Amino acid sequence: MERREFIKTAGLLGGAYALSGPATLAGLSAPAADPFWLDGPMRWAQLAFVERDPGHYDPDFWLGYFKRIHADGALLSAGGVVAFYPTNVPLHHRSDFLGNSDTLGNLVEGCKKLGMKIMLRTDPHAARQNVYDAHPDWIAVNADGAKRRHWANPALWVTCSLGPYNFEFMPQVNQEIMERFQPEGIFSNRWAGHDICYCEHCTRNFKAASGLELPQKVDRLDLTYRKWTDWRMKRLRELWALWDAGIRQQKPTSRFIPNGFPDKIVTGKEADLFFADQQARRGLMAPWSNGKGAKELRSTLGLKPLIGIFSVGIEEEFRWKDSVQNDAEIRIWVAEGTANGMRPCFVKFGGDIYDKRWMEAVANLYEGYHKNERYLRNTAPMARVGVVYSEQTDRNYGGKPWQQKSGDHLDGLYHTLVESRIPFDMVNDRLLTPDDLKRFKLLILPNIAALSDAQCQQLQAFVNTGGSLMATFETSLYDEEGQPRADFGLAGLFGVSYDQKVEGPMRNSYLQLRNDPKNSQTQLILKGLDDTPRIINAIYKVNVKPTASFPSPVTLIPTYPDLPMEDVYPRVAETDTRELYLRQVGKGRVAYIPGDLDRTFWQLMATDHGQLLRNVIHWALDEEPVVAVTGPGVIDVTVWRQAKSMTVHLVNLTNPMMMKGPFRELIPVEAQVSVAVPAGAKVTGVKLLMSDQKPKFEIRNRQVLVSVPRILDHEIVALDLV
């Protein structure tokens, strides 16, 4: 298939979910005149100007660097809070250092001579005093009625994102930028606003739409706040449509790209390409977080181009934008994004460079990706395991003690899969049609509490056609609006009913492991746990009553005192209360865990919990994985098809700083890799792309066996296929 044709077909997989409401993007019903550029650039460079850059920075230095690293896309600051060209739009602040020059225009011209595609950046979230004086109603208002000063620069005012500043002023800026520079699109930073605005426009428009006054605080379970979030989302979609229509009017193949949208389904439907602003780790974020964000976006975007913006600077709470991270941290973050289908885009704030240490790391990455570009143009993901995530659960679930930190359920299972080296993808819970799910054998639901009746029926249909399901804790106990059900929406699949109680926190409670050497199922579930009769329990559990017969490999040892020491002994030695429910349903398998074992694993990192979760996943999958990786360390594994190849990405996360960055160094590991050859394909060669080696390999029973002697940060095993 020609790539141009492929973009029009496989590249639009994210549009399976129908939108509702009046706000749709102009022109989406008709194909663009030439959408080919969308899938062109593979390596982006973002230079975010500061006001002093005009006349102060060296454009030839940057053009030389862009050329060296084979950057084929440029994201450059244009206007909004500061214009870096001689703007004629009233109130559009021209850089005080611009003089008679055209800083942006000169750099755009230089990038185009290098053959780079151009995306121009605006930032409408702040304005100067002259804007306030001319249009005070354009400024955001706090709950106390005060106009909002900028939190980081008190000389500026925060604009209202849902009022005339964005709907009337910024379209003029966009039009001027398009007319002058004819870029491939406009990317807008901080376009969606910050918190609730109480300006006259928001007050009036929300009242007209809902009949209500604006909510007085952020409370996602409050009915008025929910109505405000729905209204805000609709308003932002209208803004997206307005800006995109104006941009396409100037150049039909150009696009508006928002920096984030509060709903990934809308993002997948509306965006023809997307920039993910996941710049770096902060706090206790795991290094795989960049891959997780990529997987979530790909679940709705399909194979549309996804560009991952990464910062070379520090992204902690107190932002030190002129300092840099070390090479190891940058390399791992970018490797996670690339392995999960993102195209890298480094961002440097300011044209002046105080610290150049990052430049060699980025150059080495980009040069390697350029050399192996054809192996990074993915045509299909190969994972057979899908992990469901739920924006509606995030919005509508919570409030009770056992519902706090609900995101830890997903993180716990995500980390389990990474440690288990099982390739997997993310699945949005509003994309559960047979077509969405046909490539998966197993779906994992980490406490997907809020599910509609229709979604439950879709999951039932998935199992009816041979798929398998694994779920934890309160999955399906609430409808899509977060209202409690009398019983699980998936009770028929689980084979249990809700016993009207969530128990916990369960201090000093245990799971009894009932090993049966004659039972192969029990042996698989308790693999690696042979030498102990018990492991610690989860912290909370849903009480359930079985409605079918079940095996009992894991049962409850109830809570007993942990102090004083003289009283620490079980009052009930063991029970018949199961803490794991396993069923064969037709050709599929269903595993339900009533405890918050996934969340407990993330919070405690107990190896026994990880082992038990891994065993349940393997039991539920009930097939050999597409790739098996053995050897020491923590390795994140993803698998892709390309037009004439198949790739296995191995990201080496082995590091003592894995859960608290930054990495100090990269610690190499080795691995043995076994890859299932796709049906009908023949392997003509194997390469290790990042180390530029052609290793020895053998083919045994349609499995390619290859040893990878050294994985520093990122290795890609490529199978050439015919």
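Take the alpha carbon gyration tensor of region 128-221, find the square roots of its eigenvalues, order them as a ≥ b ≥ c, and report rounded if a/c is under 1.5; if not, report prolate when a/b exceeds b/c, else oblate.
Prolate shape, in that a/c is at least 1.5 and a/b is the bigger ratio.
For E419, E367, what's the fewest-to-most ordering of other Cβ within 10 Å of each Cβ?
E367, E419
Given an 8 Å cut-off on Cα distances and at least 6 residues of separation, report the relative contact order of region 96-214 as a percent. Numbers along the way, then the final one.
On the way: 140 pairs, mean separation 37.4, N = 119.
31 percent.
Which value, in Å to one decimal place, does the Kirkwood hydrodynamic radius take for region 326-481 when every pair of different Cα atoms is included? Each step should come with its number before you reach the end.
Numbers: mean 1/r = 0.0548 Å⁻¹.
By the Kirkwood definition, the hydrodynamic radius is 18.3 Å.
For L156, what residues show an amide H to amide H distance below 5 Å, using hydrogens built from the backbone and excluding near sequence neighbours?
HN-HN under 5 Å from L156: H150.
Please determine, in degrees from 0 to 90 and to the nearest 10, the orientation of helix 223-250 with respect to the longest principal axis defined by the Cα atoms of the chain, where the helix direction is its Cα long axis.
50
Starting from the amide H of T472, placed 1.01 Å from N in the peptide plane, find each other amide H under 5 Å away whose residue is 5 or more places distant or on another chain.
For T472, the qualifying residues are L445, N447, I448, I593.
Which ³J(HN,Hα) values, rounded to whole Hz and listed in residue order, are derived for region 421-437 from phi using the Karplus coefficients 6.51, -1.76 and 1.60 in 6.51 cos²θ - 1.76 cosθ + 1.60 with θ = phi - 60°, glycine and proline given as x?
Per residue, the Karplus-derived 3J(HN,Hα) values read 6, 9, x, 7, 10, 9, 10, 6, 5, 9, 10, 10, 6, x, 5, 5, 9 Hz.
With unit charges on the beta carbons (Lys and Arg positive, Asp and Glu negative) and the dipole taken about the Cα centre of the chain, which residue among I539, F169, G115 sits farthest to the positive side?
The residue sitting most towards the positive pole is G115.
In deg cm²/dmol, rounded to 500, what helix-only [θ] at 222 nm does the chain give when every DSSP H run of at least 4 residues adds -39500 (n - 2.57) and the total is split over its residues?
-8500 deg cm²/dmol
List the trypsin sites (Lys or Arg not before Pro) in region 510-574 that DSSP assigns to loop (not H, G, I, E or B) and whose Cβ has at most 13 other Cβ atoms within 10 Å. Which are they? Each step should come with its number before you reach the end.
Values: sites: R514, K518, K527, R534, K541, R571; in loops: R514, K518, K527, R571.
Qualifying residues, ordered by number: K518, R571.
With only Lys, Arg, Asp and Glu charged, each at its Cβ (+1 for the first two, -1 for the last two), find how big the charge dipole of the chain is about the Cα centre; round to the nearest 20 debye.
1380
If you filter region 436-502 for GluC sites (Glu not before Pro), then keep DSSP loop positions with at most 13 other Cβ within 10 Å, what is left?
Those that pass, being in a loop and sparsely packed, are E481.
Where does the Debye-calculated log10 I(q)/I(0) of the chain sit at q = 0.06, 0.07, 0.12 Å⁻¹, using only Cα point scatterers of equal weight, no solvent?
-0.38, -0.52, -1.44
Just flag the trypsin sites (Lys or Arg not before Pro) in region 432-482 sitting in loop per DSSP whose Cβ has no more than 10 other Cβ atoms within 10 Å.
K438
Alpha carbon centre of region 445-466 versus region 386-438: separation in Å?
Using only Cα atoms to place each centre, the spacing works out to 13 Å.
Compute the angle between helix 453-464 and the longest alpha-carbon principal axis of the chain, please, reported from 0 to 90 degrees and rounded to the nearest 10.
60
Let me know the volume per residue of the alpha-carbon convex hull for region 385-621, in Å³.
Considering the Cα atoms of region 385-621, their hull volume per residue is 119 Å³.
Given H placed on each backbone N at 1.01 Å, which residues far from A280 in sequence or on other chains put an amide H within less than 5 Å of it?
Amide H neighbours of A280: S311.
How many angstrom lie between the C-alpha centres of region 328-372 and region 254-294?
17
What is the order of I617, I332, I557, fewest Cβ neighbours within 10 Å to most?
Going from least to most buried by this count: I617, I557, I332.
What percent of all Cα-Cα pairs in region 598-666 falls in each 10 Å bin, counting up from 0?
Computed distribution, short to long bins: 15, 36, 37, 12, 1.
Please report, in cubic angstrom per residue, the volume enclosed by the convex hull of the alpha-carbon atoms of region 610-722.
Numbers: hull volume 13.7 nm³, N = 113.
Residue-normalised Cα hull volume stands at 121 Å³.
Rounded, prolate or oblate: which fits region 482-603, taking a ≥ b ≥ c as square roots of the Cα gyration tensor eigenvalues, rounded meaning a/c under 1.5, else prolate when a/b beats b/c?
oblate
Enter the angle in degrees (range 0 to 90, nearest 10) between the Cα long axis of helix 289-301 and the first principal axis of the Cα atoms of the chain, meaning the one along which they spread out most.
Approximately 80 degrees, to the nearest 10.
Provide T630, T103 in ascending order of the number of other Cβ atoms located within 10 Å of each residue's Cβ, fewest first.
Exposure proxy ranking, most exposed first: T630, T103.
Sort out the exposed loop chymotrypsin sites (Phe, Trp or Tyr not before Pro) in the chain (DSSP loop, at most 14 other Cβ within 10 Å) and tell me the longest stretch that has none.
By the stated rule (loop sites, at most 14 other Cβ atoms within 10 Å), 355-722.
Quick one: work out the % antiparallel among DSSP beta bridges in the chain, nearest 5. Let's see the in-between values first.
Values: 63 of 114 bridges.
Percent antiparallel among DSSP bridges in the chain is about 55.
Sorted by mean Cβ packing within 10 Å, highest first, what order do the peptides 108-119, 289-300 take?
Values: 108-119: 18.0, 289-300: 24.2.
Result, highest mean Cβ count within 10 Å first: 289-300, 108-119.
How big is the dipole moment of region 373-473 about its Cα centre under a simple scheme where the beta carbon of each Lys and Arg is +1, that of each Asp and Glu is -1, and everything else is neutral? Debye, nearest 20, please.
The dipole of region 373-473 has a size of about 240 debye.
Run the dipole for region 613-722 about the Cα centre, Lys and Arg Cβ at +1, Asp and Glu Cβ at -1, nothing else charged, and hand back the magnitude in debye, nearest 20.
220
Read the figures in this text as sums done on the coordinates, not as results from a lab. The shown structure was predicted, so the numbers you read here are calculated from the model rather than taken from an experiment. Note that we place each Cβ from the backbone using ideal geometry, even for glycine, and neighbour counts take in every protein chain shown.
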